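Chemist: My questions all concern the structure below.
The values are calculated or read from the model by the stated rules, or taken from the named source; none is laboratory data. This one's a predicted model, so the numbers in the text were calculated from it and none came from an experiment. Cβ sites come from the backbone with ideal geometry, for glycine too, and all protein chains shown count toward neighbours.
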Amino acid sequence: MRSLLILCAGLCAGAVAQAQEPVVAEKPLRAHLAYLASDLLEGRGTGQRGADLAVRYLEKQAAEAGLKPLPNGSYRQVVPMLGMKIQSTSQMSIVANGKSQALEFGRDVIYGSGNGESELRVDVPMVFVGYGIRAPEENWDDYKGVDVRGKLLLMMLNDPQPTVDEPNRFGGKSLTYYGRWDYKFEEAFRQGALGVLVLHTDASASYPFYVPANAYKLERVHLAGGGNRFEGWLEENASKALFTASGLDLAALRASAESRAFRPVELTASAHIEMHSSMRQLEQSNIIGIVPGSDPQLKHQAMVYSAHWDHLGKDLGKDDKNARTGKTDHIWNGAVDNASGSAALLAMAQAAAKKPARRTQIFFWPCAEEEGMLGSAAYIRQPAWPLAQTAANLNLDSMNFVGVTRDMGVPGSDASTLRATSAEVAAKMGLKLVPEVPDPAGSFFRSDHYNFVKAGIPGIRVGSSVFSGDGLFDFVNDPTGSLARIRDYTQHYHQVSDEYNPAWDLSGMVQQAQFTLNLGYAVANAERMPSFKGQPPR
């Protein structure tokens, strides 16, 4: 009898504890999502009116949720930026064998300034530098000590492919940070080049040329500081024509770039560039709200949740057709990317504020992710919490809007102890973890958590990616149809058709948010902070 009483007492205590766990509610999540993705917020474009409305909404909701502001009394972390928009008078042409061939902006090439230079008129030699990578740990150098200062560099996306002898070089089948366009631009600047054009293909980028083209035709934004005088992308057919004009076989050059023996190749063609840009100084804001920790010692450490609030905004200069409605549309609403994550984070914060964890919890809405993860980069430069006392970052970006699943993706978690913690949380929720699979699209490097990883803080984006090609959404209801609906999103990514649909089943989004919050609490209540198993992923 006594054993039975003890058992009952234990079960009752467990039930009470479970009932006290923060629960993410669908109703507020849906309301936040519908508002953030509405036409009223005009696509939340960086530097636009809709961005100001989004910031006001987020800080108001953070306060109402019970989050504490920063020590200065504000929920805003101001991020100074430089805005740049290419003018229609800009032009670029290729000069070869005495003939000039114009490149059409938006169709053949896209470009802009990376350093705030409003006027650029040059005739510049071009050099093909393969993948444009310098990686000592891989014994790889595409520059080979060649002086490329003042030249326009042409380079491929991605990184060198694995071979039979080296199946794991540069991450094997997975893309590393060396393969990202961000790195390509950074390395070209370090080499003193005038500028860089990455050679786009749908396969190497994992998205069509119109995706970066849509961003470049709007105002582009940079953090204050150095950058390339000229940087952009060259469309595949235009790339082939350029190399042919120089008497070179692009396919053969691509093949040669797979070898460590590759050396830069100077083109006989040159580029004539006349770039005119309008420039302005602007400020955007990260939104930060805090749930102070309850443990006298551990409260000095923090668990950070994040989801970027921005999208591409509004453009009245083009007649963009909405693939869903067939009508002209000028607003990139960004419902999935990333009103979904921002809304989920608000719903999570509302739950978390009612039950503090041992460590402090920080809810972080970065700005300007679509401009190159600028808000989170600015946070790392001037953190609201000491980086050495930051336990982890769990990031939400483009969430599941189709339905509940039997699994949960935590890509990149295998690099740290977050994998084991995720497995424990998943088991308690009756879920299985998606196995780590090759990530050819480099999804791990494409959202705000990676800035935390670069700073030495374990971080992941929670949820499978429709761009990774993994197909790892094990939907409970109508698996085939549900998977088709989630994959259809690739046709609406960074398009005006990424709009909120009231008919969406948000049970999967709530599930994803609840898992993220549970994982955050597991980290925030643990005796030790998470750690990397080796070097942070690169």
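Chemist: Show me the helices (runs of 4 or more DSSP H) entirely contained within the stretch 327-444 in which 3 or more residues are closer than 30 Å to Asp39 by Cα.
Modeler: Helices (runs of 4 or more DSSP H) meeting the threshold: 340-352, 374-381.
Every residue, every condition in (1) surrounded by 15 or more Cβ atoms within 10 Å (Cβ to Cβ); (2) among the hydroxyl-bearing types (Ser, Thr, Tyr), yes or no:
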position	(1), (2)
Arg107	no, no
Gly116	yes, no
Val129	yes, no
Leu153	yes, no
Thr163	no, yes
Tyr183	yes, yes
Arg190	no, no
Asp202	no, no
Pro212	yes, no
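Chemist: What is the residue count in the stretch 361-414 for residues that are over 15 Å from Phe452 (Cβ atoms), crowded, with 23+ Cβ neighbours inside 10 Å and of a type in the set (Phe, Trp, Tyr)?
Modeler: Qualifying residue count for the region: 0.
Chemist: Wholly within the stretch 149-260, which strands (runs of 3 or more DSSP E) include no fewer than the required count, namely at least 3 residues that are within 30 Å of Leu82 (Cβ to Cβ) and aliphatic (A, V, I, L, M)?
Modeler: It comes to 152-156, 195-199.
Chemist: Name every residue in the stretch 43-63 that is in contact with a helix residue (DSSP H, G or I) (Cβ under 8 Å, 6 or more places away or on another chain) and either free of Cβ contacts under 8 Å to residues at least 40 places away in the same chain or surrounded by fewer than 21 Cβ atoms within 10 Å (Cβ to Cβ) (or both), in order of residue number.
Modeler: Arg49, Leu53, Tyr57 - these are the residues of the stretch 43-63 that are in contact with a helix residue (DSSP H, G or I) (Cβ under 8 Å, 6 or more places away or on another chain) and either free of Cβ contacts under 8 Å to residues at least 40 places away in the same chain or surrounded by fewer than 21 Cβ atoms within 10 Å (Cβ to Cβ) (or both).
Chemist: So Gly463 ticks every box in (1) assigned to a loop (DSSP other than H, G, I, E, B); (2) out of contact with any strand residue (DSSP E or B) (no Cβ under 8 Å at 6 or more places or on another chain); (3) within 24 Å of Leu175 (Cα to Cα) but one. Which box is left unticked?
Modeler: Evaluating Gly463 over (1) assigned to a loop (DSSP other than H, G, I, E, B); (2) out of contact with any strand residue (DSSP E or B) (no Cβ under 8 Å at 6 or more places or on another chain); (3) within 24 Å of Leu175 (Cα to Cα) leaves (2) as the failure.
Chemist: So is Leu120 at negative phi, in the same structural domain as Ser93 (by TED's automatic domain parsing) and under 25 Å from the mean Cα position of the chain (by Cα) or not?
Modeler: Answer is no for this residue.
Chemist: Checking the structure you have, find out if any residue of the stretch 85-102 is part of a loop (DSSP other than H, G, I, E, B), in contact (Cβ under 8 Å) with a residue 24 or more places away in the chain and within 27 Å of Ser256 (Cα to Cα).
Modeler: The answer is yes, given that some residue of the stretch 85-102 is part of a loop (DSSP other than H, G, I, E, B), in contact (Cβ under 8 Å) with a residue 24 or more places away in the chain and within 27 Å of Ser256 (Cα to Cα).
Chemist: Related question: For the stretch 465-480, give me each residue that is at pLDDT 75 or above and not charged (D, E, K, R).
Modeler: Matches in the stretch 465-480: Phe473, Phe475, Val476, Asn477, Pro479, Thr480.
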